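To keep things clear, I will list the structure first and then write my remarks on it.
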Amino acid sequence: MFKFKKQMLSVGFICAAFLLSSLSYAADLPVYKLGIDAAFPPWTWAEKGEIKGFDWELFQYIGQVEGFKVEAADIPWSAIIAALSKGKIDILAGGLSYTCKRAEVIDYALPHWKTDYWTLVKSTSKLNCITAMSNGANVGAQAGTTGYRWLKEELKDKGVNINIKGYESVELGIKELEIGRLDALHVDSPTARGFIEAKRDVRYVCKGLHFDYSAYAVTPGDPHKLIEKINAGIKKAYESGKIEELVRKYLPWASVEAVPYPVDYKAFCTESN
Amino acid sequence: MEILRILISELPQFAKGTLVALEVLAGLLIVGLVLGLAIALAEIFGNTLIKFLATTLRKFLWAIPQLVLLFLVFYLPFDLNRMLAAIIALGLCSSAFQSQIFRGAILSIQSGQLEAAKAMGLSKPKIIFYIVIPQMIRLSIGPWTNEFSSELKDTSLAYVVGVVEIMRNAKYIIAYTYGNTAAVYLFVGILYFTLTRIGTSFFYRLEERLWVPGFEKRSG
């Protein structure tokens with residue numbers, strides 16, 4: 001009899017726990033679709049069916065402190081900005097850099113990361129930072145990235161003799177570099193480091209010639225009033241040491257800076273474009 | 001071989017991806033079958049206007065690349081589930097091809113049969129339902145097997161709108177290992193080969209079973 005009572009008690013406990021957990025669900029946090037490209041380490045990637053990465057974890061935190069939940073929607077990079085501007089996803093996270101052109105079709109939160117660009121050459125190449133990007137060199141970059149634009153606007157358009165080759169993915173550019181069809185590849189530093197650490201046949205010759213800001217973006221017009229929440233969440237993440245923890249975990253070579261950066265986009269856009 | 005270990009550890013994901021690909025395949029084949037059959041019947045039995053509309057639609061769907069249709073349907077201004085978008089887009093494309101399979105099969109039914117049916121007083125819908133379609137099904141299996149295997153391979157396009165099927169899983173691995181492209185795609189190639197072989201051998205067997213002695217038959 002005693003045993004039975006004990007069993008009943010534990011059943012009761014389980015029921016109560018279920019009830020409580022369903023009650024806390026009933027309080028219903030809003031769920032937003034977080035658009036990511038899950039093939040983009042260290043920001044967001046999928047490994048053994050699990051989503052990982054700096055941006056993904058930071059968003060878990062932001063959601064926690066600002067009272068919303070996110071659900072990952074994995075969309076390849078080529079379609080992701082259009083998906084956001086059409087409202088198929090609510091937020092875009094994952095190493096998205098701020099450009100004034102993109103700002104015309106999507107709305108940005110304050111930037112939370114500064115990415116510099118590296119120039120890679122084949123490991124056996126004798127080129128240096130200057131010769132890799134002059135004298136008619138074939139220089140590759142991922143099409144549509146800030147790196148590509150920099151090569152065009154700051155080098156080619158200003159009279160430096162290079163042939164720019166655009167690639168849909170960095171992987172293709174690395175392959176062409178290894179084969180020898182490219183002299184140099186201009187790529188953001190987290191990606192460049194990834195390829196170097198993976199022992200691909202490349203090395204860097206330039207670092208930090210220019211940088212861009214990465215920022216999260218939301219559907220145009222910010223219908224869910226998310227920008228303020230994201231900005232506040234990033235600030236809390238910095239103050240609580242969460243940013244530092246994530247930087248140590250995912251970008252161990254980087255230094256921790258106070259984020260979000262208080263960038264005035266309007267001034268930024270009139271200056272640089 | 002580090003990549004072998006990684007591929008083995010990702011096998012459950014590939015299994016899931018394969019299921020997703022098969023779901024897309026089943027969905028698109030059904031969409032293509034229903035619409036394709038409608039187009040074929042309209043092109044053969046319809047009046048001038050219906051014939052014209054069906055032919056125009058078929059030519060239109062025939063001419064648009066699947067990738068274009070995928071993006072087109074995905075960016076339609078209402079909230080379509082990504083999987084559904086892929087099924088509709090690829091299904092529309094398939095319907096143009098399937099309609100031609102059915103049309104060819106129907107036209108190869110001897111016209112004497114239809115006349116005989118008419119003479120016996122069967123109405124047009126009855127003729128279509130009892131005489132045309134049963135024979136059409138049997139005659140279509142061969143060419144339809146080709147369409148099946150070609151569409152199975154085309155499901156690999158669905159990743160562009162964010163369907164996590166086989167190709168997308170391959171891209172994940174290439175991304176987080178920063179390489180191994182050839183090995184991963186070789187594996188994916190073998191996976192598609194296996195799926196195609198299993199699928200087509202099933203349809204060959206079905207065709208064999210439905211074969212009526214005395215009628216023509218594909219060889220081996």
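The values are calculated or read from the model by the stated rules, or taken from the named source; none is laboratory data. Note that this is a predicted model, so its numbers are computed, not measured. Cβ atoms come from the backbone with ideal geometry, glycine included; neighbour counts cover every protein chain shown. What goes into the accessible areas is simple: the full protein's heavy atoms, side chains included, and nothing from ligands, DNA or RNA. Shrake-Rupley method; radii C 1.70, N 1.55, O 1.52, S 1.80 Å.
Worth a mention:
- Residue-count net charge about A:GLU245 - beta-carbon cut-off 15 Å; Lys, Arg +1, Asp, Glu -1: 0
- Two-decimal Rg/Rh across the stretch A:62-152, once Rg and the Kirkwood Rh are taken from alpha-carbon atoms: 1.08
- Label-point separation in nm, A:LYS69 to B:GLU115, each point 7 Å along Cα→Cβ: 6.9 nm
- Available extension along the chain between A:VAL31 and A:CYS269 is 82.5 nm, counting 0.36 nm per residue and deducting the alpha carbon span.
- Protein heavy-atom surface of the protein assembly as shown, 1.4 angstrom probe: 63% of the accessible area is carbon and sulfur, with nucleic acids and ligands not counted.
- Other residues with beta-carbon under 14 Å from the beta-carbon of A:SER214 carry, at +1 per Lys or Arg and -1 per Asp or Glu, a net charge of -4.
- B:LEU4-B:SER108 FRET efficiency (beta carbon distance; Förster radius 56 Å; 0.05 resolution): 0.65
- Cα convex hull, the stretch A:109-224: 114 Å³ per residue, rounded to a whole number.
- Residue-averaged 222 nm ellipticity for the protein assembly as shown, from DSSP H runs of 4+ at -39500 (n - 2.57), nearest 500: -18000 deg cm²/dmol
- Ordering A:ARG149, B:ARG168 by accessible surface, largest first, gives A:ARG149, B:ARG168; the 1.4 Å probe counts only protein heavy atoms, with every chain in place.
- Along principal axes, Cα extents of chain B, largest first, whole Å: 72, 46, 22
- Cα centroid of the stretch A:115-148 to Cα centroid of the stretch B:90-134, whole Å: 62 Å
- Fully extending the segment from A:ARG181 to A:LYS249 would add 21.0 nm, taking 0.36 nm per residue of separation and subtracting the current Cα-Cα distance.
- Taking each of A:LYS152/A:LYS229; A:LYS165/A:LYS207; A:LYS52/A:LYS207; A:LYS114/B:LYS16; A:LYS52/A:LYS175 in turn, the alpha-carbon distance tops 31 angstrom for A:LYS152/A:LYS229; A:LYS114/B:LYS16.
- Under the simplified labelling scheme, the A:HIS210-A:THR124 pair shows an inter-label distance of 3.3 nm, with each label point 7 Å from Cα along Cα→Cβ.
- Taking all protein chains together and rolling a 1.4 Å probe, A:THR145 ends up with roughly 30 Å² accessible.
- Legend: calculated FRET efficiency, B:VAL34 to A:GLN60, from the Cβ-Cβ distance at R0 = 51 Å, rounded to 0.05, equals 0.75.
- For chain B, modelled as a GNM whose springs connect Cα atoms under 10 angstrom apart, the maximal fluctuation among B:ALA86, B:ALA21, B:ALA63 occurs at B:ALA63.
- Rg and Dmax [Cα atoms of the stretch A:184-273; Å; Rg one decimal, Dmax integer]: 16.4, 46
- Nearby lysines by direct alpha-carbon distance to B:LYS118 (threshold 16 angstrom, same-chain neighbours under 8 apart not counted): B:LYS126
- Considering chain A at the alpha-carbon level, its Rg and Dmax are found to be 22.7, 92 Å.
- Across chain A, Cα pairs under 8 Å and at least six residues apart give a relative contact order of 24 percent.
- Note that the protein assembly as shown shows a convex hull volume over its alpha carbon atoms of 260 Å³ per residue.
- Buried surface for the B/A pair, taken as the accessible area of each chain alone minus that of the pair with a 1.4 Å probe, is close to 2000 Å² in total.
- Nearest-10 value in Å² for the accessible area of A:ASP157, using the 1.4 Å probe: 90 Å²
- Burial here means at least 20 square angstrom less accessible surface with every protein chain in place than with the chain by itself, probed at 1.4 Å; in the stretch B:170-193 the buried residues are B:TYR172, B:ALA175, B:TYR176, B:TYR178, B:THR181.
- Between A:LYS225 and A:LYS48, the FRET efficiency estimated from the beta carbon spacing at R0 = 45 angstrom works out to 0.80.
- Averaged over the residues of peptide B:76-88, the number of Cβ atoms from other protein chains lying within 10 Å of each residue's Cβ is 1.
- Helix A:2-26 axis versus longest C-alpha principal axis of chain A: approximately 50°, rounded to the nearest ten.
- GNM flexibility winner over chain B from B:ILE173, B:ILE133, B:ILE190 (Cα, springs under 10 Å): B:ILE190
- Residue ranking by accessible heavy-atom surface, 1.4 Å probe, largest first, among B:PHE129, A:PHE68 comes out as B:PHE129, A:PHE68.
- For A:LYS122, A:LYS152, the ranking by accessible surface with the largest value first comes to A:LYS152, A:LYS122, using a 1.4 Å probe.
- Stokes-Einstein D in µm²/s, Kirkwood radius over Cα pairs - the stretch B:101-151 at 4 °C with 1.567 mPa s viscosity: 111 µm²/s
- Within a straight-line Cα-Cα reach of under 18 Å, B:LYS124 can be paired with the following aspartates and glutamates, leaving aside sequence neighbours fewer than 8 residues apart in one chain: B:GLU43, B:GLU115.
- Simple label model, 7 Å out from Cα along Cβ direction - A:ALA143 to B:LEU76, nm: 2.8 nm
- Once the partner protein chains are put back, the stretch B:1-48 shows a loss of at least 30 square angstrom of accessible area, versus the chain by itself, at B:SER9, B:GLN13 (probe 1.4 Å, ligands and nucleic acids excluded).
- Alpha-carbon geometry of the stretch B:138-182: the Rg and the Dmax are 15.0, 49 Å, given in that order.
- The distance linking the stretch B:150-180 with the stretch B:1-58 is 17 Å (Cα centroid to Cα centroid, whole angstrom).
- What the stretch A:202-258 shows is 50 Å² of accessible area per residue, with the surface traced by a 1.4 Å probe over protein heavy atoms.
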